[in-house]
Amino acid sequence: MNYPYHPNSKIEITQVNDTRISKARYYRNRARGNRASYYMISITSPSLPYDQYMELCALYESLEDGLEIFKLPNPLRPLAAFSGHTVESATQAGLKQINIDTNEPYKVGDFIQFDNHVKVYRIAGVLVDGAILTITLACPLYTSVPANTLVKYGADVEFQCSLLNEFRSTINANKSDRGVIDVELIEQA
């Protein structure tokens, strides 16, 4: 399932780093916790027409809290657009630097993803050396990445998410022709 597109008036993205603390654990498959980071994403809609608002409320209710996983297209506007690049050499899980077979100037702050797994990473540093780009990730690789793996960048990135427990919907009691929805999502990588 894909996340239903609607315009957003507010987006908040939080990286949770150490899930050994019980409060910070995944809601799925992480009974003991670990050091793998994940993102929590809060999205607030603008004031929506009542029919669109009601349709989205029904959709969020059907997601059954954290039981259903869906894809969320990168909710932030990317700083650049690149495609067709691959990983230059195999990189082990746990490392924060990875070589990309390009000299294109990736932008610090943008999100990337590797074709062999669904975890999303933020670029924390960039170094171009000849035809190879070395990027530093904000968090260590969750999974090893083989050479020649396709890199997804910016608008091509999709977060794999579930609802964090609930969503909130608000409607003005005096003027019930518009409503606002707040939803909190948790990355499931």
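Each reported figure results from applying straightforward, stated rules to the coordinates on display, with no laboratory input. Quick caveat, the model's predicted, so the values are computed rather than measured. Cβ coordinates were reconstructed from backbone atoms using ideal geometry, including for glycine residues, and neighbour counts include every protein chain displayed.
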- Task: Using a 10 angstrom cutoff on alpha carbons, build the Gaussian network for the chain and name the most mobile of N172, N99, N116.
- Result: N172
- Largest-first semi-axes in Å of the equivalent ellipsoid built from the Cα gyration tensor of the range 97-156 are 16, 13, 11
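So what is Rg over Rh here for the chain, counting just Cα atoms and using Kirkwood for Rh?
Details: Rg = 18.3 Å, Rh = 17.8 Å.
Using only Cα positions, Rg/Rh for the chain is 1.03.
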- Which of the lysines could be linked to K96 by a straight reach, that is with a Cα gap under 29 Å, when you skip same-chain ones fewer than 8 residues away? K23, K71, K107, K119, K152
- Top of D101, D129, D115 by mean-square fluctuation, Gaussian network on the chain, Cα under 10 Å: D129
- Once the range 66-110 is represented by equal point scatterers at the alpha-carbon sites, with solvent omitted, what log10 I(q)/I(0) does the Debye formula produce at q = 0.13, 0.28 Å⁻¹? -0.48, -1.09
- Please report, in debye to the nearest 20, how large the charge dipole of the chain is about its Cα centre when each Lys and Arg carries +1 at its beta carbon and each Asp and Glu carries -1 there. 640
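So for K175, K152, fewest C-beta neighbours within 10 Å to most, what's the order? Walk me through the intermediate numbers first.
Working: K175 8, K152 18.
With the sparsest Cβ surroundings first, the list reads K175, K152.
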- Report, ordered by chain and residue number, the lysines lying within cross-link reach of K175, taken as a straight Cα distance under 26 Å and ignoring same-chain residues fewer than 8 apart. K10
- Where does the chain land at 222 nm, in deg cm²/dmol rounded to the nearest 500, when only DSSP H runs of n ≥ 4 count, each adding -39500 (n - 2.57), divided by all residues? -2000 deg cm²/dmol
